[in-house]
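Participant: Please find one structure pasted underneath; my questions will follow.
The values are calculated or read from the model by the stated rules, or taken from the named source; none is laboratory data. Computed from a prediction, not measured in an experiment: that's the story for all the values here. Note that each Cβ is placed from the backbone with ideal geometry, even for glycine, and that neighbours are counted across all protein chains shown. These accessible areas exclude ligands, DNA and RNA; they are computed on the full protein's heavy atoms, side chains included. Shrake-Rupley method; radii C 1.70, N 1.55, O 1.52, S 1.80 Å.
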Amino acid sequence: MRSVAFNLQLTDIQYWATQYPTEDLKNDEKAFAAASRIRGGDCSRSNLEEIAAWKSERRLALISDNSDSEIADALRLALCAREPRSALAVLTGLRGVGTPMASAILTALDQEKYTVIDFRALEALGVADADASLEFYVRHYLPECKRLASEAGVSLRNLDRALWAWSKRKGQTGQM
């Protein structure tokens, strides 16, 4: 795997985290409520679908191809996994769940340990052409996000919100 040179495109993570849209905060709350139910033992399709809709409603049709028992097993195994690679691997075994969706599911389940990888975050980190693979997430992306969040004194979730908001605004204005 080639080395990765992250180049954070935004200068004030705290500011950009506050630019995360209010309507998206409401969607966050729904996803995190579903994750709370999963952590409480309700590893149901409906809870997974609530989280999946938060990340990408387009994936719901593919996720519906999984059986209820496959979904429950994957969620239970991801919850008890000690390593991010293991948690991601079991979730990506579900139809319709690639690394970006698995990272969203894990973020909803544990915002202190995981963060979402997607095209917006990669763009804001200056690696828009990076492959959002499981290996890239575990070896490069997650450690870099943890480092950036720690240096900025923000949570992983607020870092993700800042990256998303910066990329979204850049897409609306064409430049930043």
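Participant: Anything in the stretch 1-18 that is open to solvent by 60 Å² or more (accessible area, probe 1.4 Å) and either closer than 26 Å to Ala78 by Cβ or not in a helix (DSSP H, G or I) (or both)? List them, or say none.
Facilitator: If the condition is that a residue be open to solvent by 60 Å² or more (accessible area, probe 1.4 Å) and either closer than 26 Å to Ala78 by Cβ or not in a helix (DSSP H, G or I) (or both), then Met1, Arg2, Ser3, Ala5, Asn7, Gln9, Thr11, Asp12 are the ones that fit.
Participant: Under the condition of being of a type outside the set (Ser, Thr, Tyr) and farther than 21 Å from Thr99 by Cβ, which residue from the stretch 131-161 is most open to solvent (accessible area, probe 1.4 Å)?
Facilitator: Checking each candidate, the answer is Glu151.
Participant: Within the stretch 21-36, can you find the residues that are open to solvent by less than 70 Å² (accessible area, probe 1.4 Å), closer than 19 Å to Pro100 by Cα and not hydrophobic (A, V, I, L, M, F, W, C)?
Facilitator: If the condition is that a residue be open to solvent by less than 70 Å² (accessible area, probe 1.4 Å), closer than 19 Å to Pro100 by Cα and not hydrophobic (A, V, I, L, M, F, W, C), then Asp24, Asn27, Asp28 are the ones that fit.
Participant: Quick test for you: out of Arg39, Arg45, pick the one residue that is open to solvent by 70 Å² or more (accessible area, probe 1.4 Å), basic (Lys, Arg), closer than 22 Å to Thr99 by Cβ and touching a residue at least 24 places away in the same chain (Cβ under 8 Å).
Facilitator: Arg39
Participant: With respect to Asp118, is the statement that it is at pLDDT below 95 and closer than 18 Å to Val4 by Cα true? Walk me through it before giving the result.
Facilitator: Details: at pLDDT below 95: no; closer than 18 Å to Val4 by Cα: yes.
No; evaluated as a whole, the condition is false for this residue.
Participant: Does Ala53 satisfy the criteria of being small (Gly, Ala, Ser), in contact with a helix residue (DSSP H, G or I) (Cβ under 7 Å, 6 or more places away or on another chain) and modelled with pLDDT under 95? Please lay out each step first, then the result.
Facilitator: On the way: small (Gly, Ala, Ser): yes; in contact with a helix residue (DSSP H, G or I) (Cβ under 7 Å, 6 or more places away or on another chain): yes; modelled with pLDDT under 95: yes.
Yes, satisfied.
Participant: Now for a different question. Return the residue satisfying two criteria in turn: it lies in the stretch 87-127 and is without any contact (Cβ under 8 Å) to a residue 40 or more places away in the chain, open to solvent by less than 10 Å² (accessible area, probe 1.4 Å) and part of a helix (DSSP H, G or I), and of such residues it is farthest from Ser155 (Cα to Cα).
Facilitator: Ranking the qualifying residues of the stretch 87-127, first place goes to Leu91.
Participant: Of all residues in the stretch 128-142, which are outside any loop (DSSP other than H, G, I, E, B) and either more than 14 Å from Ala5 (Cβ to Cβ) or of a type in the set (D, E, K, R) (or both)? Explain how you work it out, then say what you get.
Facilitator: Of the stretch 128-142, the ones outside any loop (DSSP other than H, G, I, E, B) are 134-142.
Hits for the stretch 128-142 are Leu134, Glu135, Tyr137, Val138, Arg139, Leu142.
Participant: Does any residue in the stretch 53-75 that is closer than 16 Å to Ala108 by Cα and surrounded by 17 or more Cβ atoms within 10 Å (Cβ to Cβ) come within less than 9 Å, Cβ to Cβ, of a residue that is among the hydroxyl-bearing types (Ser, Thr, Tyr) and modelled with pLDDT under 90 six or more places away or on a different chain, and which pairs are these?
Facilitator: Final answer for the pair search is none.
Participant: Still on this structure: Consider Lys30 carefully, then state whether it is closer than 30 Å to Asp12 by Cα and assigned to a loop (DSSP other than H, G, I, E, B).
Facilitator: Taking the combined requirement at face value, the residue does not satisfy it.
Participant: Can you name every residue in the stretch 35-49 that is assigned to a helix (DSSP H, G or I) and either hydroxyl-bearing (Ser, Thr, Tyr) or within 15 Å of the chain's Cα centre (by Cα) (or both)?
Facilitator: Passing the criteria: Ala35, Ser36, Ser46, Leu48, Glu49.
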